[in-house]
Amino acid sequence: MADSVHPALTPEREAFRRRFALRPLTLEEEGANLHHLPEGIYGYTTSAGADEIPVFNKPVFQCFEIHKAAGGDVSYVGYLSEKEYSAVQNGAEAVTVSLYPEPYGDATRLLSVPLSRIDRIKPPVRDQGNWMKLEIAAKGQFLGVSGRAN
């Protein structure tokens, strides 16, 4: 059986990070709390939704990718179903979604969800794809709009 490539290491994800001008964590930064890390980085965490988020430079099974962009905007990266993806992108209404750290079932659309748009986060459900429930505000109902494409 051939080894498969971790979803976080695919060309699609690399292009996604370049779009936001992010660099990987250095070994010295690894394990630090996200809030103490510099801007313009990406890493991985198994503590998504927690107040203190340790970030690492290598992905593990079903971990969430997290971005800290220039300006300090923090985003969770994951996969949504086509229907949820469209609702978040439209942004006309608040929506509750299941964000997966890796493609799972019909959740195949890659998206970066800024914390500034998230009203509530429920920690990941450790089975059935390790999904995390997010309540996302409508685009007109949140502050901290960044220059990034949503």
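What follows draws every value from the coordinates through simple rules; no lab data is involved. No experiment lies behind these values; they were computed from the predicted model shown. All Cβ positions, even for glycine, are placed from backbone atoms using ideal geometry, and neighbour counts span all protein chains on display.
Using a 7 Å offset from the Cα along the Cα-to-Cβ direction at both ASP106 and GLU93, what is the distance between the two label points in nm, to one decimal?
1.7 nm
About the Cα centre of the chain, what is the dipole size in debye to 20, counting +1 per Lys and Arg Cβ and -1 per Asp and Glu Cβ, all else neutral? Write out the running numbers ahead of the final one.
Numbers: 16 positive and 19 negative charges, 68 e Å.
It comes to approximately 320 debye.
Need one number: nm distance between label points at ASN57 and THR26, each 7 Å from Cα along Cα→Cβ, rounded to one decimal.
It is 0.9 nm.
Could you check the simple spin-label distance between LEU9 and ARG120, using points 7 Å along Cα→Cβ, in nm with one decimal?
Placing both labels 7 Å along Cα→Cβ, they lie 3.8 nm apart.
Report the antiparallel proportion of the DSSP beta bridges in the chain as a percent, rounded to a multiple of 5. Each step should come with its number before you reach the end.
Details: 29 of 31 bridges.
Of the beta bridges lying entirely in the chain, close to 95 percent run antiparallel.
Quick one: 3J(HN,Hα) in Hz for the stretch 4-15, Karplus 6.51/-1.76/1.60 with θ = phi - 60°, rounded, Gly and Pro as x.
With coefficients 6.51, -1.76 and 1.60, one gets 9, 7, 4, x, 6, 9, 7, x, 4, 5, 4, 5 Hz.
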